[in-house]
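These notes concern the structure reproduced below.
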Amino acid sequence: MGLRLEGRTNLLRESTPMSKPQVLFVDDEPAILASFARAFAHQFEIRTARSGAEALAFLGLGYAPAVAVVDQQMPGMCGVDALATFAKTLPDTVRIMLTGQADLATAIEAVNRGRVFRFLTKPVSLPMLQEALNAAVEVYRLREEEHVLIAKAMEREAGDGGASEASALQRVLEARLTPRELEVLRLLGQGRVSKDIGPMLGISHRTVDVHRCHILEKMGLHNTTSLVHLAVKAGLA
């Protein structure tokens, strides 16, 4: 099997501040998986799988990596399909796609369906992959901090009803999003679409979509409906 384990206990172990970040590599080429494992085992807790289906099977066992690096061209389930499932099941996991064919259509689909953080072409150099992994782990860490921040804010303001949740969410949004991203989020919460938001802000609808993707990535969400709910809860809409 392609998944290297040191025992089921390690697979299900939750991350702690002192543990290595967990990184999952998914590729149907054993030599590539072995190369990545050797290169990064000192810094990350590495798991590997040789297919998208094999990787997703372990999600049901409680495995929740900080980063998933998935090859696009694999027999059976392709990388985009695997990453789309990750985006829905584990939105906090930061997703990186590898592909030997850097075509625009695949890149667009990976961004729209898989909410990928980085799109890297094969063969990828180890220094480039190292940089992408470091950046992805930092994004994951920020997402975890956001969850803690919201929980603590909600606890401090317990008893204030909906206002406590709104104020807690507003503080997180103001800390993580740019002013323009906050404007886009507010208009999305009002039910506006990109083609309407663009003229209102003096930007193109494609630029609006870029801001929307950035908000999704920063907040660990996976679709526009989630953004609308977030804006409403935060009192922006």
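We did not get these values from a lab; they are worked out from the coordinates using the rules stated. All of these numbers come straight from a predicted model, not from anything done at the bench. A quick note on method: Cβ atoms are made from the backbone with ideal geometry, for glycine too, and the neighbour counts reach across all protein chains shown.
A few notes on this one:
- Near H214: Cβ cut-off under 14 Å, other residues only, Lys/Arg at +1 and Asp/Glu at -1. The net charge is +4.
- Listed peptides 196-209, 40-53 by packing density, highest first (mean Cβ within 10 Å): 40-53, 196-209
- The stretch between H205 and Q170, if pulled fully straight at 0.36 nm per residue, gains 10.1 nm over its current Cα-Cα span.
- Note: relative contact order over region 157-233, using C-alpha pairs below 8 Å and six or more positions apart, is 34 percent.
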